[in-house]
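We did not get these values from a lab; they are worked out from the coordinates using the rules stated. Note that the structure is predicted; figures quoted are calculated from it, not measured. Cβ coordinates were reconstructed from backbone atoms using ideal geometry, including for glycine residues, and neighbour counts include every protein chain displayed.
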Number of protein chains: 2
Amino acid sequence: MFKEHAIMNGKIVKVEDAVVNIAYREVQFSFSAYESISVVNGRAIFLEDHITRLFNSCVGIKLRHPFRRSEIKKSIIDLINVDKIDKATMRILIIGGNDAKLFITYTDKISYPDSYYQDGVLVTTYEGERLFPKFKTSNLLLSYIALEDARSRGAFEAILVNRDGYLLEGTRSNFYGFKNNKLYTAANEFVLEGITRTRILEASEQLGIEVVMRAPLLKEIREKKFDEVFISSTSMAAMPIKAIDDVGFDTNFSRTLSLMKIVREKEQFDS
Amino acid sequence: MFKEHAIMNGKIVKVEDAVVNIAYREVQFSFSAYESISVVNGRAIFLEDHITRLFNSCVGIKLRHPFRRSEIKKSIIDLINVDKIDKATMRILIIGGNDAKLFITYTDKISYPDSYYQDGVLVTTYEGERLFPKFKTSNLLLSYIALEDARSRGAFEAILVNRDGYLLEGTRSNFYGFKNNKLYTAANEFVLEGITRTRILEASEQLGIEVVMRAPLLKEIREKKFDEVFISSTSMAAMPIKAIDDVGFDTNFSRTLSLMKIVREKEQFDS
């Protein structure tokens, strides 16, 4: 894989030319929306869903742009073809303003060692609320700082805790917990409706797991009311959690891994 | 004035070359801090204070960078000299990451017609809280959207109202109100400590105005408990407010304009 090129406004450019001028007001104000997409076997997974969500995010923050679904799809295929991409994590970015801009770039596909799925990962909690949680915007400073904080403590992800003590979502993931064999996760209006989250909820239905659309409370975590917790994202599918801060979970993650397997199969089906 | 150049990491570059690559993670996450500075008669006003606050913002968000006060001051003088700048609004931006970057750019000096000061401006209110309010970061989506909302309703500025109903600050200004001849404004811990705000508070002391460090409540505004309100910023100094949403103020703005005059004199003294 060369990572030689990127897309700028529908045109293939050298990746070093995928630049924005910092005198541009919408760059200064982070007035932009984005999506992260997995490419597997040279195909962008769940692409229609990602473009739909990208456009929703733009509408949500009143970012007007001239880019069309068909154009974005063609650009992605162009980029995959020119760099002969097999696997990658791709990023579509729309920056607003009178002269709105579209960029598509990619990196090595983000993936995690098997040991993460066997042993679970450590996560921390961080007090903070995403602005416009339903939209995926570049207003990402909270996520950046919460994740840096997690990493500085040896953790894999930070879960954001809102003013009422609910664990709504991670900095780059959705969050779930099992309590009395029911799966708890935040109601749609409070979090980003993850593309993978939708698959997790479908998979839960397939497995006959009852879902309660209410986020776990930090208080409940500390009181050990939840016996298995996990996060989900495009690159993680379902990732089991070994401990939240200093609260460990004594489980073999069987329910999480069953969900993970089904989500991975759905990806195969789409690719 | 040519606006031909900018500074990038201490070097003078053509302004069209003041660019960042959008594949850079810290650009994607808006992990950066900035300052806006007035240049008058070829001199950057209150420059020491602005650099101090810029460095404070960087410390606040744990943005490590190699840039030194003396270097930034030299770069500003270089830029003023190369483009023979007399008046301008200048912007210093530090973007974080392993390869931290410093940019200095400028625009025509932001200034407002005399009629704004005579008649006052219309402002709207917008529910929302700045993340890390003590730091001036590029996490500006809330400010962008609140200001767009204000402009779409013919207003000059939006005042952000927090979860408890306090009018803390504008999207690019601090906010103040007179009640029983005392000047009310948010306590330092809840807002950006404006460079001009500090001058306003000093000027209030000079004029014998008692200051109460507590933000006006929206409820109090609606109940007409405040009889004169204004905003302040580097480019506005003190700007009188004609109306907040549909609540008008029947005043000749004499107190606001007295404060404005003193602040403008302080600027002259610094330039």
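Quick notes on this structure:
- Label point at B:Asp17 placed 7 Å out along Cα→Cβ; residues across segment B:93-113 whose backbone nitrogen lies under 18 Å: B:101-106
- Comparing mean-square fluctuations of B:Glu202, B:Glu210, B:Glu223 from a GNM of chain B with C-alpha springs under 10 Å, the top value falls on B:Glu223.
- Estimated D of segment A:5-107 in µm² per second, where Rh is the Kirkwood radius over Cα pairs and Stokes-Einstein applies at 10 °C, 1.306 mPa s: 115 µm²/s
- In units of the compact-protein estimate 2.2 N^0.38 Å, segment A:114-269 shows a Cα radius of gyration of 0.95.
- Amide H contacts of A:His5 (H built 1.01 Å from N, in plane; Pro and chain starts excluded): A:Val15 sit under 5 Å, all sequence-distant by 5 or more or on other chains.
- Peptide A:224-234, shielding by other chains (average Cβ, 10 Å cutoff): 0
- Shown is the FRET efficiency for A:Glu205 and A:Tyr116, computed with R0 = 22 Å from the Cβ-Cβ distance and rounded to the nearest 0.05: 0.30.
- Residue order, fewest to most beta carbons within 10 Å, for A:Asp119, B:Asp99: B:Asp99, A:Asp119
- Across segment A:1-75, the mean sequence separation of Cα contacts (distance under 8 Å, 6 or more residues apart), normalised by length, yields a relative contact order of 25 percent.
- Label separation (A:Lys225 vs B:Asn98): 4.3 nm, computed from points 7 Å beyond Cα along the C-beta direction.
- Kyte-Doolittle mean at least -1.0 and Cα axial length at least 18 Å: DSSP H helices in chain A: A:47-60, A:69-82, A:254-270
- Dimensionless Rg over Rh [chain B; C-alpha; Kirkwood]: 0.97
- Fewest-first sequence of B:Ser204, B:Ser138 by Cβ atoms within 10 Å of each Cβ: B:Ser204, B:Ser138
- Only the Cβ atoms of Lys and Arg (+1) and of Asp and Glu (-1) were treated as charged; on that basis the dipole of the protein assembly as shown about its Cα centre amounts to roughly 400 debye.
- Between this copy and the others, label points of B:Asp227 are 6.9 nm apart in ascending order, each placed 7 angstrom from Cα in the Cβ direction.
- Using 0.36 nm per residue and subtracting the Cα-Cα separation, the extra length available between A:Asp86 and A:Val59 on full extension is 6.5 nm.
- Normalising the Debye intensity of segment B:52-108 to I(0), with uniform scatterers on Cα atoms only, and taking log10 at q = 0.22, 0.31 Å⁻¹ returns -0.90, -1.33.
- Chain A, relative contact order [Cα under 8 Å, separation at least 6], %: 18 percent
- Inter-copy label distances at A:Ile12, shortest first and taken from points set 7 Å along Cα to Cβ: 4.0 nm.
- Isotropically averaged projected area of the protein assembly as shown, using the convex hull of Cα atoms (one quarter of hull area), nm²: 26.0 nm²
- FRET efficiency estimate (nearest 0.05) - Cβ-Cβ, A:Asn252 to B:Asp270, R0 51 angstrom: 0.15
- Per-pair calculated FRET efficiency, R0 = 51 Å: A:Lys74 and A:Asn180 via Cβ, rounded to 0.05: 0.55
- GNM flexibility winner over chain B from B:Phe29, B:Phe178, B:Phe226 (Cα, springs under 10 Å): B:Phe29
- Residue-by-residue Karplus 3J(HN,Hα) for segment A:237-251, coefficients 6.51, -1.76, 1.60, Hz, glycine and proline x: 6, 10, 10, x, 10, 7, 7, 10, 6, 9, 9, x, 10, 9, 8
- Residue of B:Tyr24, B:Tyr34, B:Tyr126 that the Gaussian network model of chain B assigns the largest fluctuation, springs spanning Cα pairs under 10 Å: B:Tyr24
- Fewest-first ranking of B:Leu259, A:Leu122, using other Cβ atoms within 10 Å as the exposure measure: A:Leu122, B:Leu259
- For the residue pairs A:Lys136/B:Lys73; B:Lys84/B:Lys136; A:Lys62/A:Lys84; A:Lys136/B:Lys182, alpha carbon separations beyond 32 Å are given by A:Lys136/B:Lys73; A:Lys62/A:Lys84; A:Lys136/B:Lys182.
- Distances between equivalent label points of B:Glu129 across the copies, with each point positioned 7 Å along Cα→Cβ, amount to 0.7 nm, shortest listed first.
- Cα gyration tensor shape for segment B:72-200, rounded if a/c is under 1.5, else prolate or oblate: prolate
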